[in-house]
Amino acid sequence: MSPEIEDTRTRIMQAAVSCAEQSSVGGFSVEDVATRAGVSRTTIYRYFPGGRPQLVQETTTWEIARFWARLAEAVENLPTLEDQLVAGLVIGRKLMQKSQILANIMDTEMLELVEAVQPSEPLVHGVIRDYMRDLLIKEQRAGRMRSGMTPEMGADYLMRMTLSWMSSPTGLDLTDDQAAHQVIRSQFLAGVLIDSSS
């Protein structure tokens, strides 16, 4: 894909995100996106021949990918896996709350978004799982992995826990650093690492 095509696609998806932020996911049309992106409706359909459903699906997938990339970059230099997971929950929750798209993905009443994200779920889960596995391989090499636990098993568990807690912290005040660390130790890492505080 040429840089010019990629730039136009990105501009259209950025416009779709802006429209969603302004009028909610269900409240914008292809015309609205075209106007905000500074392109014609014909251009929208050239890049997204499936129309609005394809635009919503691909924009949602793109927004999710950007979210996880920003999150990975924010935590990559923290010293321990516990620190990375705590920061990931805190930062991730804040980013989700700021995005009209991400904030509504877990809302079952937002059927359009739920349906839009379904095709990309295996890919998203795979990316998160691979990222967690790489972190756990380092823990395994350092001798901190529990007996019988593998990086693959631990990565799948941490991926599911992270998504669950990020979407619904179940009463946990994520601004309370001590409480967040306690949850990560007791519910995320206790069954994965020998010493989750090391």
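The values are calculated or read from the model by the stated rules, or taken from the named source; none is laboratory data. Keep in mind that this is a model prediction, so the values were computed, not measured. Note that each Cβ is placed from the backbone with ideal geometry, even for glycine, and that neighbours are counted across all protein chains shown.
Given (1) farther than 15 Å from GLN84 by Cα; (2) surrounded by fewer than 17 Cβ atoms within 10 Å (Cβ to Cβ), identify the lone condition not met by ASP134.
Every condition holds for ASP134 apart from (1).
For the stretch 60-82, give me each residue that is in a helix (DSSP H, G or I), modelled with pLDDT of 90 or more and loosely packed, with under 14 Cβ neighbours inside 10 Å.
Once the filter is applied, which keeps residues that are in a helix (DSSP H, G or I), modelled with pLDDT of 90 or more and loosely packed, with under 14 Cβ neighbours inside 10 Å, the stretch 60-82 yields only GLU73.
Looking at the stretch 150-182, which of its residues are surrounded by fewer than 13 Cβ atoms within 10 Å (Cβ to Cβ), among the β-branched types (Val, Ile, Thr) and in contact (Cβ under 8 Å) with a residue 60 or more places away in the chain?
The answer is THR175, and nothing else.
Filter the stretch 15-59 down to residues that are under 24 Å from the mean Cα position of the chain (by Cα) and exposed (fewer than 14 other Cβ atoms within 10 Å of the Cβ) and give me whichever is nearest to GLY126 (Cα to Cα).
This residue is PRO53.
Count, please, the residues in the stretch 11-27 that happen to be farther than 14 Å from GLU63 by Cβ, touching a residue at least 12 places away in the same chain (Cβ under 8 Å) and either out of contact with any Leu (no Cβ under 9 Å at 6 or more places or on another chain) or part of a loop (DSSP other than H, G, I, E, B) (or both).
Matching residues across the stretch 11-27 total 2.
On the basis of being modelled with pLDDT under 85, of a type in the set (D, E, K, R) and in the same structural domain as VAL127 (by TED's automatic domain parsing), does GLU6 make the cut?
No: the conditions fail for GLU6.
In the stretch 38-59, is there at least one residue being of a type in the set (Asp, Glu), part of a helix (DSSP H, G or I) and in contact (Cβ under 8 Å) with a residue 24 or more places away in the chain?
yes
Tally the residues that are free of Cβ contacts under 8 Å to residues at least 40 places away in the same chain and either assigned to a strand (DSSP E or B) or in contact with a helix residue (DSSP H, G or I) (Cβ under 6 Å, 6 or more places away or on another chain) (or both), restricting the search to the stretch 126-139.
4
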